[in-house]
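Encoded as structure tokens, the structure appears first; notes follow it.
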């Protein structure tokens, strides 16, 4: 879907784009809410970077030792 918002992109909505939108809506609807921050617990930081994007997820383990998201950031890289 990111290709559709590029400058001079040819607009085309087909099965591939519809499947991507359905996946995005499902992921948002099923995503867990953000977890409360507890300063007494350890923090876990996950990072990802590629040539054109980056992401950071700030997490903490809950009382059942499951990793819970506290905050996240993602960005597309454009040019230099």
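Structural remarks
- Long-range tail of P(r) for the stretch 33-80 (Cα pairs > 12 Å, %): 64 percent
- Radius of gyration and maximum dimension Dmax of the chain, Cα, Å: 17.0, 52
Every read-out reported here was derived from the displayed coordinates using simple, explicitly stated rules and does not represent laboratory data. Since we're looking at a predicted model, the values are computed, not measured.
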